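Participant: Before anything else, here's the structure in question.
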Amino acid sequence: MVTKKPDQVRITQKKTVHMYAELWHASKCVLERGIENEKGSSWQFLSSIVLTAFAFEAYLNHVGKSLIACWESVEPLPPPKKFNLICELLKVDFPGEAGKRPVQTLTQLQDFRNLMAHGKTEQIEPQPFLCDAKHADARLGQRPLANWERLIRTKDFAERARVDVEEVLKTVHAARPKPKESLFSFGIGSGSAVVVENDGRNTMRK
């Protein structure tokens, strides 16, 4: 019995992934979950802060590659140096000193990110203090906190990090030459399907 093999389809696909946009969206989603459910929310706030830092660095790599042909040699630099270089190339300036927002927040964000990425055991020994004897048990129950722990007790720093990073990215993005994607766009993909006719013979025996 002679049968014809079924036609096949050749699938071709490609996709551009804007990593900074993916991380930015992830930072927002985690933050929203922490705000919705207060129980254990410190870990959501921690995750959101780290993802915001990653998104910022990913944007610098995204923009730097489009501005500098030898970006691969620049990429190992720490984010603050890459940020300063990009701002210089695009002639972008942020008012105020490093001790003011939004640059102040970028510094805190980078310090937080580095601490999480290279975490080490630390000994916390706050100064002794006096309190009324009747409050001693309650005060002993309040464990001392590391600086990074203080930043994740509430949503405040996670929200501030997103607000200030967004302000910075909008300013940098506006100064970029065209063509450029819409800020925080996820990228685009395309695909095609081509029928490959099979005119070969397939002999089968009963």
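The values are calculated or read from the model by the stated rules, or taken from the named source; none is laboratory data. Since the model is a prediction, treat every value here as computed from it, not as a measurement. Neighbour counts are summed over all protein chains in view; Cβ atoms, including those assigned to glycine, are modelled from backbone coordinates with ideal geometry.
Participant: Among the residues of region 44-97, what is the count of those that are free of Cβ contacts under 8 Å to residues at least 40 places away in the same chain, crowded, with 16+ Cβ neighbours inside 10 Å and not in a helix (DSSP H, G or I)?
Facilitator: Total satisfying the criteria: 1.
Participant: Let me ask something additional. Tell me which residues, restricted to region 100-121, are among the charged types (D, E, K, R), in a loop (DSSP other than H, G, I, E, B) and surrounded by 10 or more Cβ atoms within 10 Å (Cβ to Cβ).
Facilitator: Result: K100, R101.
Participant: Scan (1) assigned to a helix (DSSP H, G or I); (2) modelled with pLDDT of 95 or more for the single condition K134 breaks and write down its number.
Facilitator: (2)
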